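The values are calculated or read from the model by the stated rules, or taken from the named source; none is laboratory data. The shown structure was predicted, so the numbers you read here are calculated from the model rather than taken from an experiment. Glycine gets a Cβ as well: all are built from the backbone with ideal geometry, and neighbour counts include every protein chain shown.
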Amino acid sequence: MKRALAAMALSVLALSASTPTLGQNPRDLEIYWIDVEGGASTLFVAPDGESLLFDTGFGGNGDRDAKRIYAAAQRAGLRQIDHLVISHWHADHEGGLEALSKMIPIRRFYDHGDGVQPEDRQRLENYKSVAGANRTILKAGDTIAFDGVRTRVVMSEGPAIAAPINGGGPNPLCANAVQMEPSAPENLRMVGLSLTYGNFKMATLGDLDWSRELELACPVNKLGTVDLYTINRHGTLADSGSPALLGAIRPQVIVVNNGPRKGLGQQDDRAKPIAAPGAAPYERNSYLRMVKTPGVQDVWQIHLSLLDSDPAHNAAQDKIANLEEGAADQGNWIHASVGRDGKFTISNGRNGFSKTYTARK
């Protein structure tokens with residue numbers, strides 16, 4: 001009996017050790033990419049426990065996405081969301097807000113403003129009713145006071161950030177960069193963030209399109225270099241993922257917050273390149289474009305793409321959090337623990353696989 005109890009105690013300790021929680025390493029920045037089936041929801045927890053959530057996934061479906069975000073918040077030991085950034089008013093980014101707000105208190109709200117298409121107005125009005133007087137409209141160049149993590153708005157409705165950050169400067173890749181016609185208006189108004197913690201730098205740009213990426217990248221790379229990048233548009237790089245931007249920011253690791261049939265693997269015929277004599281050819285397959293970008297060490301995915309499940313067009317399965325769809329989908333997360341020295345460890349919630357990286361100086 002004593003041996004059985006001792007074995008059980010060791011099992012519990014092992015499970016606790018494998019579960020990243022706020023109390024285990026208070027000096028780290030914790031990041032959770034949440035499986036909202038291609039809705040970009042990402043939870044950041046600063047070393048002192050302050051939290052920032054970027055987007056809330058879809059609504060409906062039994063409040064699936066709100067429940068998954070709430071579960072991640074509980075796992076991180078949170079009793080509230082201190083900062084919520086809604087990148088834009090599309091259903092896959094704002095839809096889970098109302099349900100989430102009934103599960104956990106949300107203190108402050110940030111967005112790009114009241115520019116909206118008629119089909120998205122109801123979501124804007126819903127957001128305003130939830131945010132009330134705690135709403136802040138962001139402009140490029142603003143900062144969000146997030147403890148110990150320098151959080152800068154690099155893009156919002158209006159011009160991109162004016163001055164380069166993180167070592168940005170003239171970008172030689174602009175000389176023969178392909179131009180692309182602008183995407184839908186909401187993808188032009190998008191809030192995009194740069195987060196810096198000690199020697200670690202990352203960016204998340206939501207659904208920002210190719211034309212707006214070039215505002216950040218050309219003729220000057222205003223975003224600088226990053227160690228970790230949440231790729232735009234859930235990995236649908238038909239009208240995003242410009243080589244001029246990716247090649248300039250040189251991410252070490254890319255995370256794809258996709259769904260099984262949303263994002264990576266999708267073809268988007270609406271993306272229209274603008275004819276330009278001498279424009280450089282570029283890799284059309286989204287996954288291959290990422291891994292062929294100089295400096296990229298690894299790509300991690302929330303989902304295996306079931307639109308294009310070719311192993312050559314997806315990450316290795318130990319770096320994919322979910323392999324199924326529908327009732328079989330477990331909603332596993334990808335987690336990163338980031339030290340001030342720039343070392344960061346990424347873990348797969350499905351299988352416990354993890355890998356540690358050292359940020360470039």
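Brief remarks on what is shown
- Condition check for residue 138: out of contact with any His (no Cβ under 8 Å at 6 or more places or on another chain) and surrounded by 14 or more Cβ atoms within 10 Å (Cβ to Cβ): no
- Scanning the stretch 228-240 for residues that are crowded, with 24+ Cβ neighbours inside 10 Å and either over 15 Å from the mean Cα position of the chain (by Cα) or assigned to a loop (DSSP other than H, G, I, E, B) (or both) yields a total of 5.
- A single entry from 60, 38 fulfils the requirement of being buried (at least 22 other Cβ atoms within 10 Å of the Cβ), closer than 22 Å to residue 329 by Cα and of a type outside the set (Phe, Trp, Tyr): 38.
- Looking only at the stretch 242-259, residues that are in a loop (DSSP other than H, G, I, E, B) and either crowded, with 24+ Cβ neighbours inside 10 Å or free of Cβ contacts under 8 Å to residues at least 40 places away in the same chain (or both) come to 4 in all.
- Hits in the stretch 49-72 (condition: in contact with a Gly (Cβ under 6 Å, 6 or more places away or on another chain) and of a type in the set (Ser, Thr, Tyr)): 56
- Looking only at the stretch 201-221, residues that are buried (at least 24 other Cβ atoms within 10 Å of the Cβ), more than 17 Å from residue 270 (Cβ to Cβ) and not β-branched (Val, Ile, Thr) come to 8 in all.
- With respect to the conditions (1) closer than 30 Å to residue 175 by Cα; (2) in contact with a strand residue (DSSP E or B) (Cβ under 9 Å, 6 or more places away or on another chain); (3) modelled with pLDDT of 95 or more; (4) not hydrophobic (A, V, I, L, M, F, W, C), residue 272 falls short on a single one, namely (3).
- So residue 318, is it over 24 Å from residue 224 (Cα atoms) and without any contact (Cβ under 8 Å) to a residue 12 or more places away in the chain: no
- Residue pairs whose Cβ atoms lie under 6 Å apart, separated by 6 or more positions or on different chains, with the first residue in the stretch 46-70 and hydroxyl-bearing (Ser, Thr, Tyr) and the second modelled with pLDDT of 95 or more and surrounded by fewer than 22 Cβ atoms within 10 Å (Cβ to Cβ), are 51/78; 51/82; 70/103; 70/104.
- If you go through the stretch 272-294 and keep only what is in contact (Cβ under 8 Å) with a residue 60 or more places away in the chain, part of a loop (DSSP other than H, G, I, E, B) and either within 15 Å of residue 308 (Cα to Cα) or among the hydrophobic types (A, V, I, L, M, F, W, C) (or both), you end up with 276, 279, 280.
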